[in-house]
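The values are calculated or read from the model by the stated rules, or taken from the named source; none is laboratory data. Bear in mind that the values here come from a model prediction, so they are computed numbers and not experimental data. So basically every Cβ, Gly included, is an ideal-geometry build from the backbone, and we count neighbours across all protein chains shown.
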Amino acid sequence: MGVRQHIETNYPEYAGWFTYPPEQCAPIRSTTDEWAIFHNMTPCMVVVNGVPFKNTETLFQLFRFRDAEAIKDVYHKNNKVQAKHWDKLGYTRPDWGEMFLDALKFVLTVKFEQSEAFRNELERSKGLFIVEDETKRRSTSYGVQLKASGLYEGSNLLGRLLMELRDNGKLEYKLPNDVFDFINILKQ
């Protein structure tokens, strides 16, 4: 099942397709542009139960695994590509599709709690739509693309979560009891 189907099945409140006028947007494009702090790959140290993470993407990817070798490899290489490698080998949790959005909400919440720069940029973005601009990709499951209509179009999952966090100061999430076992593996 693909990302879109998991969202529709497990998180129907986050399903949908949206349009945004570019002039009213704070686009997330890279780890070096104006709104880079919103990108999960942007260096922004967070600590969970005494374990430091160089960025929230690494933390997010680690929720996928239970296997010690996969966990250590992804953590030390700090690499989304490495997580995809372990996924292709069949190491992703069978319940990942049912929990990935809650994992994303958790990592954004941790970033919000621990990074003043992140909170400040969310505040600065008030009045704008935050969008994950994936125009340069062939297709997108999470973000938006600038279309011939002149509008950004897409699910904009990360952008909508960031706006929800900005507007409410929190995100509600529910994670399985064993989901933080990877922290203990990293402490060994």
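Here are a few things to note about the model shown:
- Looking only at the stretch 45-92, and only at residues there that are among the basic types (Lys, Arg) and surrounded by fewer than 19 Cβ atoms within 10 Å (Cβ to Cβ), the one that is farthest from Pro176 (Cα to Cα): Lys77
- Residue check for Ala83: among the aliphatic types (A, V, I, L, M), over 30 Å from Leu122 (Cα atoms) and assigned to a helix (DSSP H, G or I): no
- Number of residues in the stretch 128-157 that are on the phi > 0 side of the Ramachandran plot and of a type in the set (S, T, N, Q) equals 1.
- Enumeration of residues in the stretch 93-130 that are touching a Lys or Arg at 6+ places or on another chain (Cβ under 7 Å), surrounded by 16 or more Cβ atoms within 10 Å (Cβ to Cβ) and not acidic (Asp, Glu): Arg93, Thr109, Phe112, Phe118, Leu122, Ser125
- Of all residues making up the stretch 61-72, the number that are without any contact (Cβ under 8 Å) to a residue 60 or more places away in the chain and either of a type in the set (A, V, I, L, M) or in contact with a strand residue (DSSP E or B) (Cβ under 9 Å, 6 or more places away or on another chain) (or both): 2
- Output for the stretch 13-67, where each listed residue is at positive phi and of a type in the set (S, T, N, Q): Asn49
- Residues that are of a type in the set (D, E, K, R) and either in a loop (DSSP other than H, G, I, E, B) or modelled with pLDDT under 90 (or both) within the stretch 86-99 comprise Arg93, Asp95, listed in sequence order.
- Index of the failed condition, Ile130 passing every other in (1) out of contact with any helix residue (DSSP H, G or I) (no Cβ under 8 Å at 6 or more places or on another chain); (2) under 22 Å from Trp17 (Cβ atoms): (1)
- Single residue of the stretch 131-169 satisfying the filter (among the charged types (D, E, K, R) and loosely packed, with under 13 Cβ neighbours inside 10 Å) that is farthest from Asn49 (Cα to Cα): Lys147
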